[in-house]
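Inspection log for the structure reproduced underneath, given as structure tokens.
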């Protein structure tokens, strides 16, 4: 899929809808250079420190957490309409146990401006470099949310990624 650089916020509405309804892909690879895709349902694109930033949350128990800790860059990939099975698989299976790219017949392509790969079958991807991260700890979050979302005490690391570029296939509007 040929890609062109687009305005950072061009697909923010579509991404917010997908986060509510099925998710986006977070793609990272560690020192072993084996890409892994994880489905995310929490995250947002906005402005922080006068820069475009994507914020995502990765639980410490996830395989992707290690990859994010080893990597300086990562991508957010916006799935096309026919990728529900891949979203389900990448959200319920661990990269410790499966090569998700092989299992789901996904193609990892090196980012345009970052080392992290993206999923070629996704019509839009965001390239990020981590500029800040913060470790969630018990007692920091409003008690009702913490009690509901962290019953097992498996907290998240929040990653703030400066957006280095957003790239879209020529016909992305039809695919998202």
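Quick notes on this structure:
- For beta carbons closer than 8 Å, sequence separation of 6+ or different chains, a first residue in the stretch 132-146 that is closer than 18 Å to residue 53 by Cβ and a second that is loosely packed, with under 10 Cβ neighbours inside 10 Å and at pLDDT 95 or above, there are no qualifying pairs.
- Top-ranked residue of the stretch 139-162 - restricted to ones that are under 20 Å from the mean Cα position of the chain (by Cα) and in a loop (DSSP other than H, G, I, E, B), ranked as surrounded by the most Cβ atoms within 10 Å (Cβ to Cβ): 155
- Tally of residues being at pLDDT below 95 and at positive phi across the stretch 91-137: 0
The values are calculated or read from the model by the stated rules, or taken from the named source; none is laboratory data. Predicted, not measured: the structure shown is a model, and the values here were computed from it. All Cβ positions, glycine included, derive from the backbone under ideal geometry; neighbour counts span all protein chains shown.
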